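Take a look at the structure below.
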Amino acid sequence: MANTHNVTEFIFLGLSSNPEVQKVCFVMFLLLYTAIVLGNFLIVLTVISSRSLGSPMYFFLSYLSFAEICYASTTAPRLISDLLAERKAIPLWGCMSQVFFIHLFGGTEIFLLTVMAYDRYVAICKPLSYTTIISRQACALLVGAAWVGGFVHSLAQILLIFRLPFCGPNVIDHYFCDVLPLLKLACSDTVLIGLLIVANGGTLSVISFVVLLASYVVILLHLRTRSSAGRRKALSTCGSHVTVVTLFFGPCIFIYLRPSTTLSADKTVAVFYTVITPLLNPVIYSLRNAEVKKAMKRLWVRAMKLEER
C-alpha cells in the first residue's frame, strides 16, 4: 500500500438517513433477499433432481442461478444489517474483498449469459450438430471458462484500486464498496485508472451486450424458416434469456461507462442490478418455461409424499 494510505475503514451513508425509511427498507430487502436465495436455490435443486431438465440449457441455468445467489450475497446481507446500524462502517480489507467478489460473480454472470446465448444459437441454427458441439465436456469447459473469465475481470478491477492512496475523507455515499465510489475518495490522480476501469468493466459489458444482441438477431432471422409452433417454442425460451440480459446489462452499462463521475441515481440503479435482477431471474425462467414449471411441480409432489411418510 502507499505511505499515504492511512484510512483503515470506510463509512457508508446507506440508502437513507431517515430512521423510519430505514426500518421499511430493512423489512423489504430482507424479504427480497430471502426470495432471491430461495427462488434461485429452487431452480438449482429442480435442475439437479429432474431428469427432464438434463439438457445443456438447464445445466447453464443452474450455474447462473448459483452465481445469482453468490452475487446478491455480496451486498444484500451487509445492506440489511446496516439499515439497523447507527454506524455503517466497513474495514479496508472488507471493502476490498467486497469489490473483488462483486466483480467476480458479476463478471461470471456476464460470461454465463453469453454462454447461454451461444447454446441457444447452436440449438436453433445448427440442431443436427447440437449434441456434438454442446457435449457434456463442452458444457463443463464453457462453465469453467465463465468462472475463469469472471476471476480475471475481478482481479483486474481490484489491482487497479488496491494501491490507491486513501488519506481521507472515508465516507462513501453508497451502501457497498465499488470501484467508482472508491475512485472518488482516492487522494491521487485517477484519470488513467478510470480509463482502465472503462476498458475492463464498461467495455466488457458493452461488447458482451452487443454480441448477445447480434446472436439473437441471427437466431430470429433463422427462425423465419421454422414452423409457427417451432418459432413459438424457440421465441419463448429466447425471450426469457433476452429479458434477463437486458435487465442485467442496462444498469451495468449505465454505471461502468463513466468511471470519473458518480450520480445521485447510482444507488437506485445499483439496487436494481444487485437485488432486483437476481430476484427476477427465477421468476422469468420458471414462469415462461413450461418444462421448468412441470419439473417444479413434480419436485413439490415428491417432497409432499416424503413428508407424509
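The values are calculated or read from the model by the stated rules, or taken from the named source; none is laboratory data. Here the structure is a predicted model, which is why all the values come from computation and not from measurement. Every residue, glycine as well, gets a Cβ built from its backbone with ideal geometry; the counts of neighbours run over all protein chains shown. Ligands, DNA and RNA are excluded from the accessible area calculation, which covers all protein heavy atoms including side chains. Shrake-Rupley method; radii C 1.70, N 1.55, O 1.52, S 1.80 Å.
Some notes on this structure:
- Stokes-Einstein, applied to the Kirkwood radius of region 9-308 over Cα pairs at a viscosity of 1.306 mPa s and 10 °C, places its translational diffusion at 77 µm² s⁻¹.
- Springs join every pair of Cα atoms under 10 Å in this Gaussian network model of the chain, and among 26, 176, 151 the largest mean-square fluctuation is at 26.
- Trypsin sites (Lys or Arg not before Pro) restricted to DSSP loop in region 38-112 with at most 14 other C-beta within 10 Å: 87
- Structure-based [θ]222 nm, the chain - -39500 (n - 2.57) summed over DSSP H runs of at least 4, per residue, nearest 500: -24000 deg cm²/dmol
- Inter-site label distance for residue 133 and residue 214 at 7 Å from Cα along Cβ, in nm: 1.5 nm
- C-alpha center-to-center spacing [region 89-152, region 46-80] in angstrom: 12 Å
- Carbon plus sulfur fraction of accessible area for the chain, probe 1.4 Å, in percent: 68 percent
- Normalised alpha carbon radius of gyration of region 85-236 [divisor 2.2 N^0.38 Å]: 1.39
- Extension gain, residue 35-residue 298: 0.36 nm per intervening residue step, less the Cα-Cα distance, totals 92.6 nm.
- Each label was represented as a point 7 Å from its Cα along the Cα-to-Cβ direction; for residue 87 and residue 28 these points are 2.8 nm apart.
- Accessible area per residue for the chain is 49 Å², calculated with a 1.4 Å probe on protein heavy atoms, without ligands, DNA or RNA.
- As computed over region 22-142, the Cα convex hull volume per residue (Å³): 112 Å³
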